[in-house]
Structures are given as structure tokens and as C-alpha cells.
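Shown next, in C-alpha cells, is the structure this report addresses.
The values are calculated or read from the model by the stated rules, or taken from the named source; none is laboratory data. All values derive from a computational prediction rather than experimental measurement. So basically every Cβ, Gly included, is an ideal-geometry build from the backbone, and we count neighbours across all protein chains shown.
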Amino acid sequence: MKKTFLTLLCTTLISAMVIAGCGKKKETKVPSTTLDKIKAAKEITIGTSPDYPPFESIDDKGNIIGFDIDLAKAIAKEIGAEAKFVSMGFDTIITAVKNGQVNLGMSSFSVNKERKMSIDFSKPYISTAQVILVKKGSTYKTKKDLTGKVVAAQIGTTGAEAAKTIKGATVKITDDNNIAAMMLENGSVDAVVLDIAIAKELSSRKDFRYIDSPLNHEETAIVIKKGDDSLKEAVNMALDKIIASNKYKEIKNKWKIK
């Protein structure tokens with residue numbers, strides 16, 4: 001009787017274990033970090049203001065192109081995702097990154113203390129400077145020559161801050177650099193302050209030149225949401241690998257970036 005009872009008990013326990021084992025569902029890991037979500041979706045969203053050739057602009061077919069764009073695609077590939085670009089005003093990109101509307105901001109962002117208070121930056125990927133763009137026929141040689149003159153610069157840029165250092169000049173803030181260039185072309189302003197690479201590009205196809213003495217020197221980096229350390233680390237690792245390879249040189253040569 002005792003043996004029968006023990007046999008029945010063991011059989012019951014084994015059956016219960018089998019049923020429990022069969023009924024157990026495989027746990028699915030839910031993406032928790034931004035990087036996890038990017039890898040799961042195989043897509044990374046990047047805010048950019050395509051009015052800054054050769055870094056970012058729109059071609060005749062409506063595609064967003066440029067140095068930053070090709071570099072962003074290379075970074076996305078290293079991370080294991082595809083880059084999806086979201087066109088927006090330059091002055092709205094940082095807010096979009098902070099709010100999670102886009103994962104990154106890549107639009108020739110210069111690193112400065114004010115911006116670092118609210119967002120994080122990747123490692124710098126290029127050095128640049130803000131310069132004064134003028135008409136070829138003008139007599140302006142230094143920033144001192146612009147005392148009492150009108151200078152344009154794009155809203156939210158370090159160019160706008162640099163323009164304010166020109167003593168005695170009136171600074172006009174524009175929505176983008178295309179408008180600033182148009183104003184210089186039609187004589188609405190006497191000069192424009194912008195990135196040296198953009199100044200070179202505009203000078204190559206318009207009746208412009210830039211004053212050799214830069215107003216400042218800057219480092220350019222990618223905007224990342226503050227505290228998003230895993231994404232920042234992944235972006236920096238991708239940048240390190242790309243910069244150490246021929247890919248970085250190829251992209252720079254393609255867009256004539258020195």
C-alpha cells in the first residue's frame with residue numbers, strides 16, 4: 001500500500017513538471033535602450049537641416065545629400081541599421097533629439113558649452129571655423145571694415161554668435177544660409193558669417209569670396225540625447241572605425257572637404 005502510494009505520488013509530480021515545462025512560454029526581451037530599439041527596428045532617425053552644402057543639401061531629385069549624410073549612412077551601417085533622415089529647421093534639431101523625435105542630430109553642429117548643457121556630443125569628426133563671406137568686388141578685408149555694416153547669419157548657429165563679435169555691425173538673423181546668400185547677392189546685407197566649408201562652396205559658384213582671418217575655430221560633432229550613453233558609445237565606436245579607414249577619406253574627397 002505504501003509502495004503504491006509513493007508510486008502514485010511520483011507519477012503525479014512528474015506529470016505536473018511536464019505540464020509546467022510545456023506550458024512555459026519563451027521570454028522575449030523587450031528593447032529597453034535607444035540603441036536596443038534602433039537595432040531591433042534596424043533604423044536610426046537623424047535630424048538634419050539640408051541647406052548647408054557641401055555638408056547637407058537637397059539635389060535636383062529631392063534627395064538629401066552631402067558629407068554629413070554619407071558619414072551618417074556609414075555610421076548607421078556600423079551600428080547595424082539604416083539611416084532615415086528627417087528634414088527640419090536647424091534651430092529645432094536639438095529639441096527634436098531631446099524629445100526623442102529623432103535619435104541623432106547631424107547638421108554640422110559645432111561643439112560649445114551652451115549646447116553641452118542640454119545635450120551630449122559624439123567625438124568631433126571634423127574641425128572647422130566661422131568666416132566672413134563678402135562679394136568679390138567689395139573692399140572689405142577684415143572684420144573691422146564691417147563696422148556700421150549689415151551682416152547676416154543663420155538662426156541658432158555658432159555663425160550667428162560669431163557675427164555678434166563684429167563691433168558696430170548690425171546682425172540680421174535668417175532662417176537658413178540660402179536666404180543669407182541671396183541677401184548678400186542682392187545687396188540687402190554687406191556680409192554673411194558661416195562655416196568655412198560652406199563659404200568655399202558658395203565662392204566656387206557665385207561672385208563671392210571670404211575673408212581669410214576666421215572669427216573662431218570649432219569642432220563639429222553629432223548631437224545625442226543627454227545621458228544616452230549606450231548610443232553615444234556606439235556612435236563613437238563607429239566614428240573611430242570609419243575615421244581610421246579609407247571610407248572617411250573617400251567621403252571627404254567626394255565632397256571636397258579638407
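Within the span defined as region 112-135, every residue fails to be on the phi > 0 side of the Ramachandran plot and touching a residue at least 24 places away in the same chain (Cβ under 8 Å).
Which of the residues that make up region 40-56 are out of contact with any helix residue (DSSP H, G or I) (no Cβ under 9 Å at 6 or more places or on another chain) and not hydrophobic (A, V, I, L, M, F, W, C)? Residue satisfying the conditions is Lys42 alone. Inside region 235-258, can you point out the residues that are surrounded by 14 or more Cβ atoms within 10 Å (Cβ to Cβ) and in a helix (DSSP H, G or I)? Scanning region 235-258 gives Val235, Asn236, Met237, Ala238, Leu239, Lys241, Ile242, Ile243, Lys247, Tyr248, Ile251, Lys252. Val171 meets the conditions (1) part of a loop (DSSP other than H, G, I, E, B); (2) free of Cβ contacts under 8 Å to residues at least 40 places away in the same chain in every case but one. The failed one is (1). Residues in region 167-187 that are closer than 26 Å to Thr92 by Cα, out of contact with any strand residue (DSSP E or B) (no Cβ under 6 Å at 6 or more places or on another chain) and of a type outside the set (D, E, K, R): 5 in all.
Taking strands (runs of 3 or more DSSP E) as the structural unit, those lying wholly within region 52-160 and holding at least 3 residues that are at pLDDT 95 or above and more than 17 Å from the chain's Cα centre (by Cα) correspond to 126-135, 150-154.
Of the candidates Glu185, Glu161, the single residue that is out of contact with any Leu (no Cβ under 7 Å at 6 or more places or on another chain), among the acidic types (Asp, Glu) and more than 26 Å from Gly105 (Cβ to Cβ) is Glu185. Just to be sure, is Ile155 touching a helix residue (DSSP H, G or I) at 6+ places or on another chain (Cβ under 8 Å), in contact (Cβ under 8 Å) with a residue 40 or more places away in the chain and of a type in the set (A, V, I, L, M, F, W, C)? Here the answer is yes, as Ile155 does meet what is asked.
Among the residues of region 206-220, write down those that are in contact with a Leu (Cβ under 9 Å, 6 or more places away or on another chain) and in contact (Cβ under 8 Å) with a residue 40 or more places away in the chain. Across region 206-220, the qualifying residues are Phe208, Arg209, Tyr210, Ile211. Filtering region 199-210 to residues that are in contact with a helix residue (DSSP H, G or I) (Cβ under 9 Å, 6 or more places away or on another chain) and buried (at least 20 other Cβ atoms within 10 Å of the Cβ) leaves Leu202, Phe208, Tyr210.
Among the residues making up region 80-132, those that are of a type in the set (Phe, Trp, Tyr) and either farther than 14 Å from Gly159 by Cβ or surrounded by fewer than 15 Cβ atoms within 10 Å (Cβ to Cβ) (or both) are Phe85, Phe121, Tyr125. Kindly evaluate Ala181 against the criterion of being of a type outside the set (D, E, K, R), under 16 Å from Lys135 (Cβ atoms) and either modelled with pLDDT of 95 or more or buried (at least 16 other Cβ atoms within 10 Å of the Cβ) (or both). Answer is yes for this residue.
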